[in-house]
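Please treat every number below as a calculation from the coordinates, not as lab data. Remember, predicted model here, so these are calculated numbers, not experimental data. So basically every Cβ, Gly included, is an ideal-geometry build from the backbone, and we count neighbours across all protein chains shown.
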Amino acid sequence: MSELQYILLSTGVMLAFLGFFIVLELLLPPGFPDKSRKQVRNIVFVLFGIVALTFHLNIGDDVIVDLRGAAIAIANIFGGYWVGFATAVVEAVYRWRIGGAAALAGLLGIMGCFLLSAILVALSRAKNASNDVRLGTILLAGIAVGISESLSLLLIPGPSGGLSIFHKIGMTVFLVQFVSTMLFGGLLKLLDERLQAVAESGRKTQTLNEILKQSIGALSSAMVHRDPTTAGHEKRVADLAVAVGKELGFEPDRLEGLYLAALVHDVGQIQVPAEILVRPRKLGPEEFELIKVHCEAGYDILRDVKFPWPIAEIVYQHHENVDGSGYPRGLNDERILPEAKIIHVCDALEAMLSHRPFRRAYDIDYAMRQMQIYSGSHYDPEVINACIRLFCDKGYTFPEPGKQT
């Protein structure tokens, strides 16, 4: 096998192992602890040392060429010196078991790879005053292990002599270690940078989501000052809506959007005169027409906010009936968002189960009978059935004040 062919073969082995490494990284769940992720990595680095010796080329006189130096350099750079040392020890044991006249030279080469690459990595990091992996560090480590491995050839005994073997394959050994270290190290650096960017993006997104939730919570709480008689209504509707969503198999992200939409489903009541909202009697036709404006008003308030979910449209539709008799647009079943159907049912059910200035709260049996009467006309039957299961079979109760889903 020519020098070029072996370099290409070594590169192929390196790329295959890197592919395995990347797949392993991607298979780890998003919430996997950083400490555990690092431990998994370190174990893989040590295993790479074994793989490096397993795929070796025997060129005669018990001389073998492999990727041992690159494995040690990568372990030193990305795992730390203890991981590099563990990799070197595992390689040394494995090389000793292979045996041969060149075994001692191989062991000294492994020791040299560890010491020289560890020193150069330490100096590089000290100069940059950072633990971040730089291409310069990878370059120096690649040169270090390449030199160490090629010089160890001089120590090989035999009729040919170490110097003869060095002249014959010294440059090949250097290039194999150097190219492999640069290739694996460079691509691993890019992978780390990508993972860090994704993690940072996730942290920023989580922070923005928390701010969004707090803002929506504040907006929902502001409604209490407009209508103290329905204090906590939005949070109770939101809690029940999430429970229904779970019953219907909604994914966590969709449940989050449902919860936020339920918290602000009545935000449009800001435009309704306060004296109508708190009036201690049933509303007349003209007053009810003013109340009906709150759906469109809520939509107007929320439509320019860039939510990850169609919050504004859900708020707009939350009083639409599945038979098309609802308001404000008379949408029928197929045109109503599932979230809006859920909030419509939860809104009506919570209202019946709560005290109002003009009546006492209804009991659960009466409320459920009323909901079933209008199932299929006003309310979605699937949502009604989910509510029945929650209250009657699973013992659902509204959260106490101050608590939420």
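Put simply, the amide H of R356, placed in the peptide plane, has neighbours under 5 Å in A361, leaving out anything fewer than 5 places away on its chain.
Proximity of backbone amide H atoms, modeled 1.01 Å from N, is registered between Y379 and V322 at under 5 Å, excluding neighbours fewer than 5 places apart on the same chain.
Sequentially through the range 94-105, phi angles give Karplus couplings (6.51, -1.76, 1.60; θ = phi - 60°) of 5, 5, 5, 5, 5, x, x, 5, 8, 4, 5, 4 Hz, Gly and Pro residues having no value and appearing as x. Can you bin the range 227-393 into rounded, prolate or oblate? Criterion: square roots of the alpha carbon gyration tensor eigenvalues sorted a ≥ b ≥ c, rounded for a/c under 1.5, prolate for a/b above b/c, oblate for the rest. Here the range 227-393 falls in the rounded category.
Quick one: if the Förster radius is 51 Å, what FRET efficiency do E193 and S164 give, using the C-beta to C-beta distance and rounding to 0.05? For E193 and S164, the calculated efficiency is 0.70.
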